[in-house]
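All remarks here apply to the structure that follows.
The values are calculated or read from the model by the stated rules, or taken from the named source; none is laboratory data. No experiment lies behind these values; they were computed from the predicted model shown. Glycine also receives a Cβ, built like all others from the backbone with ideal geometry; neighbour counts cover every protein chain displayed.
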Amino acid sequence: MPGLPFRGRRARRAGELPDEETRAHVAGAASAAAAEVAPAPAVVPDLTTAAFFDVDNTMMMGASLFWFARGLAARKYFRARDLALFVWQQAKFRVAGNESADDMHTIRENALAFVADRPVDEIVAVSEEIYDELMADRIWAGTRVLAQKHLDAGQRVWLVTATPVELARIIAHRLGLTGALGTVAEVVDGRYTGRLVGELMHGEAKAEAVRALAEREGLDLSRCTAYSDSSNDLPMLTLVGTAVAVNPDTELRAVARSRGWAIRDFRTGRKAAKIGVPTVAAAAVSGGLVGGAVALRRRNRWPW
């Protein structure tokens, strides 16, 4: 019997039966070889249920738009001074939550000014590089697991973020998600104008985007789930049947506790302890936006 291990062959030459361990090994190998292996069962799609994930500090450590801008600055798309000013404005936007009309106008006007007149294809290609360089290692492993559970259940998963939709789609694609809802930039003749179409994907705009997508895709929002770190996303969180606070700021943590929402905190204990003051929380968990801006401001003695 050629297939027997050495001990079995020696046992036969001695006129003995193979020992029990050898017989078990041969039987197991033969059984495995003869087994019919059917394809792995496909996940049955659940087309009326979906999950929606905020990106900044929920799916990713820090602010995706900041890392995007930093990557563009490294490629000389604009000056360090412009980056610092952008950081300062975005930090105010992130921290305040109740921006004045003047602040929001400034933010809208400047949000994508640094890509004005650039070809869309060029920025998309650069965004791929920036994701690999600055963002891929900043994805929260715990949040990614949460998203994968929805996918494994046959549900679709979208990112919902203030970052440009082109970059948001890249993040979603790299994570194996369904797609993304992001801020839409105006494009004319294949080039960015630097202006937005409507508003930044922020606050109520996120809820409107989710509502519109649900209508288009036939989603039952009462069966959907939304995840965010910020009280600014309460319109989206309260729109769906299940809300989860991920790495929550102080206000969202309080709301989540009062409403019995699940809380998932993937930060270290030291960082999580810093959320006593909203401004400190935003600086601590947004990749150093405020600290970086202040440092640049002091170093260069700029008047803004």
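Checking Trp302 against (1) at pLDDT below 95; (2) over 25 Å from Val165 (Cα atoms); (3) part of a helix (DSSP H, G or I), which single condition isn't satisfied?
Checking Trp302 against (1) at pLDDT below 95; (2) over 25 Å from Val165 (Cα atoms); (3) part of a helix (DSSP H, G or I), the one that fails is (3).
Return the pairs, sorted by first residue and then second, in which the second residue is at pLDDT 95 or above and aromatic (Phe, Trp, Tyr), the first residue lies in region 154-169 and is farther than 22 Å from Pro119 by Cα, the beta carbons are less than 8 Å apart, and the residues are 6+ apart or on different chains.
Final answer for the pair search is Val157/Phe52; Val157/Phe53; Trp158/Phe52; Trp158/Phe53; Leu159/Phe52; Leu159/Phe53; Val160/Phe52; Val160/Phe53.
Check off (1) touching a Phe, Trp or Tyr at 6+ places or on another chain (Cβ under 6 Å); (2) modelled with pLDDT of 50 or more; (3) within 26 Å of Arg70 (Cβ to Cβ) for Leu289 and give me the number that stays unchecked.
Of (1) touching a Phe, Trp or Tyr at 6+ places or on another chain (Cβ under 6 Å); (2) modelled with pLDDT of 50 or more; (3) within 26 Å of Arg70 (Cβ to Cβ), only one is false for Leu289: (2).
Of the numbered conditions (1) farther than 19 Å from Gly62 by Cα; (2) buried (at least 21 other Cβ atoms within 10 Å of the Cβ); (3) modelled with pLDDT of 95 or more, Ala153 fails exactly one; give the number of that condition.
Checking Ala153 against (1) farther than 19 Å from Gly62 by Cα; (2) buried (at least 21 other Cβ atoms within 10 Å of the Cβ); (3) modelled with pLDDT of 95 or more, the one that fails is (2).
Between residues in region 251-262 that are more than 14 Å from Gly241 (Cα to Cα) and residues that are among the aliphatic types (A, V, I, L, M) and at pLDDT 95 or above, which pairs lie under 6 Å by C-beta distance while being six or more apart or on different chains?
Matching pairs, first to second residue: Leu252/Ala245.
Somewhere in region 9-19, is a residue loosely packed, with under 15 Cβ neighbours inside 10 Å, more than 24 Å from Leu159 (Cβ to Cβ) and modelled with pLDDT of 70 or more?
yes
Among all residue pairs at least 6 apart or on different chains, which show Cβ distances below 7 Å where the first residue, located in region 178-194, is closer than 22 Å to Asp56 by Cα and in contact (Cβ under 8 Å) with a residue 12 or more places away in the chain and the second is buried (at least 17 other Cβ atoms within 10 Å of the Cβ) and among the hydroxyl-bearing types (Ser, Thr, Tyr)?
Ala180/Thr161; Gly182/Thr161; Gly182/Thr163; Thr183/Thr163; Ala185/Tyr192
Can you name every residue in region 113-128 that is in a helix (DSSP H, G or I) and surrounded by fewer than 13 Cβ atoms within 10 Å (Cβ to Cβ)?
Passing the criteria: Asp121, Ala125.
Quick one: which strands (runs of 3 or more DSSP E) lie wholly within region 194-268 and hold at least 3 residues that are modelled with pLDDT of 95 or more and acidic (Asp, Glu)?
Fully inside region 194-268 and qualifying: nothing.
Considering only residues that are under 10 Å from Phe52 (Cβ atoms), surrounded by fewer than 24 Cβ atoms within 10 Å (Cβ to Cβ) and of a type in the set (Gly, Ala, Ser), which ones fall in region 215-242?
If the condition is that a residue be under 10 Å from Phe52 (Cβ atoms), surrounded by fewer than 24 Cβ atoms within 10 Å (Cβ to Cβ) and of a type in the set (Gly, Ala, Ser), then no residue fits.
Which one of these is farther than 23 Å from Val244 by Cβ and among the small types (Gly, Ala, Ser): Gly190, Gly179?
Exactly one residue qualifies, and that residue is Gly190.
Name the single residue, out of those in region 213-266 being of a type in the set (Lys, Arg) and closer than 24 Å to Leu151 by Cα, that is nearest to the chain's Cα centre (by Cα).
Among those that are of a type in the set (Lys, Arg) and closer than 24 Å to Leu151 by Cα, it is Arg264.
What about Ala30, is it farther than 25 Å from Gly179 by Cβ, surrounded by 11 or more Cβ atoms within 10 Å (Cβ to Cβ) and at pLDDT 65 or above?
Taking the combined requirement at face value, the residue satisfies it.
Just give me the residues in region 56-78 being touching a residue at least 12 places away in the same chain (Cβ under 8 Å) and assigned to a helix (DSSP H, G or I), in sequence order.
Ser64, Leu65, Phe66, Trp67, Phe68, Ala69, Arg70, Gly71, Leu72
In region 177-186, is there at least one residue being surrounded by fewer than 22 Cβ atoms within 10 Å (Cβ to Cβ), in contact with a Phe, Trp or Tyr (Cβ under 8 Å, 6 or more places away or on another chain), under 22 Å from Asp233 (Cα atoms) and of a type in the set (Val, Ile, Thr)?
yes
Quick one: count up the residues across region 187-208 that are closer than 22 Å to Thr143 by Cα and surrounded by fewer than 22 Cβ atoms within 10 Å (Cβ to Cβ).
Going through region 187-208 one residue at a time, the tally reaches 3.
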